[in-house]
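This report concerns only the one structure given below.
The values are calculated or read from the model by the stated rules, or taken from the named source; none is laboratory data. Since the structure is predicted, the reported quantities are computational estimates derived from the model, not experimental observations. We place every Cβ from the backbone using ideal geometry, glycine too, and count neighbours over all the protein chains shown. Side chains included, ligands, DNA and RNA excluded: accessible areas come from the protein's heavy atoms. Shrake-Rupley method; radii C 1.70, N 1.55, O 1.52, S 1.80 Å.
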Amino acid sequence: PTNHLDLESVEWLEGFLKAQDRLGIVIVSHDREFLDRVCTKVVETEDGRTYTYPGGYTDYKRLKEERLKEWRSAWEKQDKEEAELRNFINKYRGVDSQASQ
């Protein structure tokens, strides 16, 4: 945890981590500003799926919210289409002229 380090040590750690540009490093921290300054990618595993977001913690939060909004919108659209199809089926069930559509 960076909260136990003085400013000079945090700056040294940030510089060291940034210099490791060819290595994948897992960083666990509650310091969001530190994560914003050091991370170039955030990988999240949720419900058995893995999502990768470019940038730091702030970018991750924004991009995740955008992904969730898109998912909700697609789900609502699909739910509406399903309801309309069920209504059509129920309305024309047994009507020969519409049954072939």
Item to complete: Could you name the lysines whose alpha carbon sits less than 19 Å from that of LYS77, not counting residues in the same chain fewer than 8 places away?
Response: LYS69
Response to the item:
The helix 57-92 Cα axis meets the longest alpha-carbon principal axis of the chain at an angle in degrees, between 0 and 90 and rounded to 10, of 10 degrees
Discussion item. So for each of 58-64, 25-31 I average, over its residues, the number of other beta carbons within 10 Å; can you give me the resulting order with the highest mean first?
Written reply: 58-64, 25-31
Fill in: Accessible surface of the chain [probe 1.4 Å, protein heavy atoms]: carbon and sulfur percent
50 percent
Item to complete: At a Cα cut-off below 20 Å, give the aspartates and glutamates reachable from LYS80, other chains included and same-chain residues fewer than 8 away excluded.
Response: GLU70
Discussion item. Report the rotationally averaged projected area of the chain based on its alpha-carbon convex hull, in square nanometres.
Written reply: 10.0 nm²
